[in-house]
Every structure is written in C-alpha cells, then in structure tokens.
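See below for the structure under consideration.
Since every read-out is calculated from the coordinates, none of them should be taken as a lab result. Everything numeric in this text was worked out from a predicted model, so none of it was measured. When we count neighbours, we look across all protein chains shown, and the Cβ atoms used for this are built from the backbone with ideal geometry, even at glycine.
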Amino acid sequence: MRAQGHRWADQGDHVRATRSFENAKQVAENIDDLRGLVDALNDLGAIATEDGFTGQSVTLHRQAVTLAEQLGQEDVLLRSITALAGSEQQVGHPEDAQRLYERAITMARAQDDRSAEAVVCNNMGLLQQASGDEQGAQRSFQEALEMNRALGNAQSEASNHANLALLAEARQDFDQAEREFGQALELDKMAENRAGIAGDLSNLSRIAAQQGFKDRGLGYADRAYRSYRAQGDLRRASKEIIRALELSRELGRLEDMRRYEEELKTLKDESIGR
C-alpha cells in the first residue's frame, strides 16, 4: 500500500496517495507494526507538506518521532527527526528546525550514515538560505553534493545541484544557474528519476526565459509538459503548458498558441474526469 501511495504521489495524485498511506497506517495499527506505522505517518506528513498543510505535517511527524523513540531503531528515528525538522522549517520555526537538524546530523555521524548526513546537510543549507545566510547555504549544499558524489547517489547529487542553481538564480547569476540545472538534469537522467527530469526541464525553461532566450525557454517548457503528462502529473503539466502558451504568444507563434490552447483544454477535461 505504501508503494502504491508513492506511485500516486509521484504522479501528483495526492488524493489517492493519501488514501493509500491512510490504509497502510490502519493496517500497521491493526497488526501492531510500529515501524510500519512510523513510516506511514512520515508519508502522510510529506504529502501534507506538499499540499501546504504544514501544521498537519508537523503533527504527523511529531507522532512519528514519538513512536520511533519507543521503537528504538536509530535509522527510523533519524529519518523521522529529519522529516520533522523539515516540517518545523516549513511552518516557520527555524530555531526548532535547527535544533532537530543538529540532533540528526550527530546521529547520522554516530551511525556512520553518510547518505543520511548528506540529506541533513542539504536541508540545513535550505534553512541557511531561508535565513539569508547564502554563503553558509552554499557550503552546506556543496558538502552534501561531495558526499553524494562519493557515494554514487546520482539523484541526491542532482538535488544538490538544483539547490546551488537556485542560489545562483537568486543572485541573478543565470549562466551559473543554467549550468547547475543542466548538471542536475544529466544526473536525474542517469538515475532515471522521471519527476526530477521534468522539474529540471521546468527550471531550465524559467532560466532561459529570464536570460531573454524565449525560444529555448519554450523548448524546455514543452519537454517539461510532455514529461509531466507522461507521468500522469496533470497539475504540473498544466503549469508547463501555460508557460509554453505564454512564451509562444510572446514569440508570435500563432500555430503553437492554438496547439497549446487545445492541449490545455484537453488537460482540464482530463483533470475533471479524474
């Protein structure tokens, strides 16, 4: 059930994903599977975060941490604390998030879990970025990237490159942002991370448009749209086709405009049909 929930989540169908995770939670409770219950709570918390229900996410992850402490399995507790820290950050509690991240990174080092350490280091970079400490964020993302590269974690390394790209974009270094997003795209392709590939294409479209390369931006937006649609993520596909429609209008491409308008209408009909 959790595996099916993750498939629905990857497709952007959070209603079905939530239903699957709720079912997994109920089963875990029925058979006294404490580890399964912790995992289901963290899954539900992650969905709540993506949907903007940050208060609910904090509650779910706090429940997971409490149960993980009872379970006594350090790897489960580490994942739960890291997830809770992210939720505390999202809800606007940076001090709580910092305290939890420091606990998590100490645990990761004690367990010699370099992969978990890289996750926490990356997340601490996000916290530093949000607080305006761009140099600290740069160091944290770079450290996480180097750990993931040494471990051969292509998908995680791609995420680090994407975060470095966002830092570059924020300081309007669009050339560097394009290079970082390009590296993220290549790594996501290597990892066959379809959601990551679509996201990288979307980011590259935005950067190209900001550089004034609307034609290139349109090409990336079209590819991102088709990638999201192939995955069944109609919500994100709609955002990309709207960007493609706007760029084609700015470029004066009437035939492309008509095609995107028709495809957008089809997408809306399909979304209603769901």
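Between the residues A9, Y101, F141, the greatest Cα displacement towards the positive end of the dipole of the chain, with unit charges on the Cβ of Lys, Arg, Asp and Glu, is found for A9. Charge tally for T18 (other residues, Cβ to Cβ under 11 Å; Lys, Arg +1; Asp, Glu -1): -2.
Roughly what angle does helix 214-231 make with the longest principal axis of the chain, taking Cα atoms, 0 to 90 degrees, to the nearest 10? Long axis of 214-231 versus the principal axis of the chain: about 50 degrees.
Using the average count of surrounding beta-carbon atoms within 10 Å as a protection proxy, the listed peptides 27-34, 75-82, 50-57 rank, highest first, as 75-82, 50-57, 27-34. Taking Cα centre as origin and charging only the Cβ of basic (Lys, Arg, +1) and acidic (Asp, Glu, -1) residues, the dipole magnitude of the range 1-112 rounds to 120 debye. Ordering A110, S87, A48 by the projection of their Cα atoms onto the charge dipole of the range 1-112, which places +1 on the Cβ of Lys and Arg and -1 on the Cβ of Asp and Glu, puts A48 at the extreme positive end. Summing charges over all other residues whose Cβ lies under 15 Å from the Cβ of A64, with Lys and Arg as +1 and Asp and Glu as -1, gives -3.
For a straight C-alpha distance cut-off of 12 angstrom, no aspartates and glutamates are reachable from K265 once same-chain residues fewer than eight places away are disregarded. Using helices alone, what [θ] at 222 nm do you get for the chain, with -39,500 (n - 2.57) per DSSP H run of 4 or more residues, divided over all residues and rounded to the nearest 500? Result for the chain: -29000 deg cm²/dmol, rounded to the nearest 500.
The value of relative contact order for the range 50-143, using C-alpha pairs under 8 Å at least six residues apart, is 20 percent. Charge dipole (Cα centre; +1 on Lys/Arg Cβ, -1 on Asp/Glu Cβ; no other charges) of the chain amounts to roughly 740 debye.
A protection proxy built from the mean count of other Cβ atoms within 10 Å ranks the segments 264-272, 210-218, most packed first, as 210-218, 264-272. Packing here is the average count of other Cβ atoms within 10 Å per residue, and on that basis the peptides 242-250, 146-154, highest first, run 242-250, 146-154.
Count Lys and Arg as plus one, Asp and Glu as minus one, and take only other residues whose Cβ is under 9 Å from that of A168; the net charge is then -3.
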